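Colleague: One structure, as structure tokens, below. Some questions next.
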Amino acid sequence: MTARVGVVTFPGTLDDRDTQRAVRTAGLEAVPLWHRDKDLKQVDAVILPGGFSYGDYLRAGAISRFSPVMESVIDQAKAGMPVLGICNGFQVLTETHLLPGAMLRNNHLHFICRDQKLRVENAETAWTRSYEQGQEINIPLKNIDGRYVADERVLDELEAEGRVVFRYRELNPNGSLRDIAGISNAAGNVVGLMPHPEHAVEPLIGTGRTDGLGFFTSILKRLVSA
């Protein structure tokens, strides 16, 4: 049986179709999930894709956090289901407190869209097993509220526990503390990052490379071995 990965669509989501395509490219079944529906349709993992859910009113991800689907996602994530939050999805994960910290406006106060080099700091999460620790990858980045912040105690805990999953290389594009581009929960099943791996899975689109495909092959490996 093919592993099933749910992709949630909120009002204002932009990258759900690209994310579904990336899931299928990795050999998984993509299952569309609507934000008003609590039923996760027996999926094995969930991705919260990028965009501007609810227009980013109040704060990015603040309203989506209360969508009916998130009640089910939160419960299943706490039970061990793999969950990936990309860009706006990362913002939603911090609003739900599945991941610590918060996302603020970029320090230069401008929207940024560029290819971004990252270093893989943790290759043991559910979403990074196809990479090697220390490997550098290049995937697109596009955001205006992408500056990751947390207090020093939380930052020290993330570092000590190996929960900084990705770090910006060469250029910190948004002022994120300690160059953090992505983090995980303590169990490693929930990962959030600002860059967009779904835009780097085929050589004809995005960066022209396939550096983002590893996220999706990683979860395939995780689900097949479970």
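Colleague: Going by the alpha-carbon gyration tensor, a ≥ b ≥ c the square roots of its eigenvalues, is region 22-100 rounded (a/c under 1.5) or, if a/c is not under 1.5, prolate (a/b greater than b/c) versus oblate?
Modeller: Values: a/c = 1.62, a/b = 1.39, b/c = 1.17.
Prolate, because a/c is 1.5 or more and a/b exceeds b/c.
Colleague: Treat each spin label as a single point 7 Å out from the Cα along the C-beta direction, and report the GLN133 to ARG178 distance in nm.
Modeller: 1.5 nm
Colleague: Another one. Name the long-range amide H neighbours of CYS87: under 5 Å, sequence gap of 5 or more, or other chain; modelled H, no Pro or chain starts.
Modeller: The list, which skips near neighbours in sequence, is LEU193, MET194.
Colleague: Only four residue types carry charge here, +1 at the Cβ of Lys and Arg and -1 at the Cβ of Asp and Glu. Report the dipole size of region 1-123 about the Cα centre in Debye, rounded to the nearest 20. Working shown, then result.
Modeller: Working: 14 positive and 13 negative charges, 42 e Å.
It works out to roughly 200 debye.
Colleague: Let me check against my output: what whole-number percent is the relative contact order of the chain, with C-alpha pairs under 8 Å and at least 6 apart? Can you show the working numbers first?
Modeller: Numbers: 549 pairs, mean separation 45.9, N = 226.
Once normalised by length, the contact order is 20 percent.
Colleague: Something else now. Only Cα pairs within less than 10 Å get springs; with that Gaussian network setup on the chain, which residue of LEU33, LEU58, LEU118 has the largest fluctuation?
Modeller: LEU58
Colleague: Please list, in order, the residues from region 162-195 whose amide nitrogen is less than 14 Å from a point placed 7 Å along the Cα→Cβ vector of ASN107.
Modeller: Residues 168-181 fall inside that zone.
Colleague: What ranking of TYR54, TYR168 comes out by heavy-atom accessible area, probe 1.4 Å, highest first?
Modeller: Details: TYR54 65, TYR168 10 Å².
Largest accessible area first, the residues go TYR54, TYR168.
Colleague: Looking at region 1-153 only, what percent of DSSP beta bridges run antiparallel? Nearest 5 please.
Modeller: Details: 12 of 24 bridges.
So the antiparallel bridges amount to about 50 percent of the total.
Colleague: Need the list of lysines near LYS117 for cross-linking: C-alpha distance under 30 angstrom, and skip anything on the same chain fewer than eight residues off.
Modeller: Excluding near neighbours in sequence, the set is LYS142, LYS221.
Colleague: With charges only on Cβ, +1 for K and R and -1 for D and E, what is the dipole size of the chain about its Cα centre, in debye, rounded to 20?
Modeller: Roughly 300 debye for the chain.
Colleague: Keeping every protein chain in place, order PHE111, PHE215 by accessible area at 1.4 Å, biggest value first, i.e. largest first. It would help to have the intermediate numbers written out before the result.
Modeller: Values: PHE111 110, PHE215 0 Å².
Descending order: PHE111, PHE215.
Colleague: Same structure, new question: What list of ³J(HN,Hα) couplings, whole Hz, do you get for region 183-192 from phi and the Karplus terms 6.51, -1.76, 1.60, once you set θ to phi - 60° and write x for glycine and proline?
Modeller: Here the 3J(HN,Hα) series is 9, 10, 7, 5, 7, x, 8, 10, 10, x Hz.
Colleague: In terms of the Cα gyration tensor, with a ≥ b ≥ c the square roots of its eigenvalues, is region 148-226 rounded because a/c is under 1.5, prolate because a/b exceeds b/c, or oblate? Numbers along the way, then the final one.
Modeller: On the way: a/c = 3.29, a/b = 1.29, b/c = 2.56.
Note, shape of region 148-226 comes out oblate.
Colleague: Continuing with this model, one more query. Under the rule a/c < 1.5 gives rounded, and otherwise a/b versus b/c splits prolate from oblate, where does region 120-189 land using the Cα gyration tensor?
Modeller: Working: a/c = 1.79, a/b = 1.09, b/c = 1.64.
Note, shape of region 120-189 comes out oblate.
Colleague: Near LYS38, which lysines are there with a Cα under 20 Å away, not counting those fewer than 8 places off in the same chain?
Modeller: Reachable lysines: LYS78.
The values are calculated or read from the model by the stated rules, or taken from the named source; none is laboratory data. This one's a predicted model, so the numbers in the text were calculated from it and none came from an experiment. Note: ideal-geometry Cβ built from the backbone for every residue, glycine included; neighbour counts use all protein chains shown. Heads up: the accessible areas ignore ligands, DNA and RNA and are worked out on the full protein's heavy atoms, side chains in. Shrake-Rupley method; radii C 1.70, N 1.55, O 1.52, S 1.80 Å.
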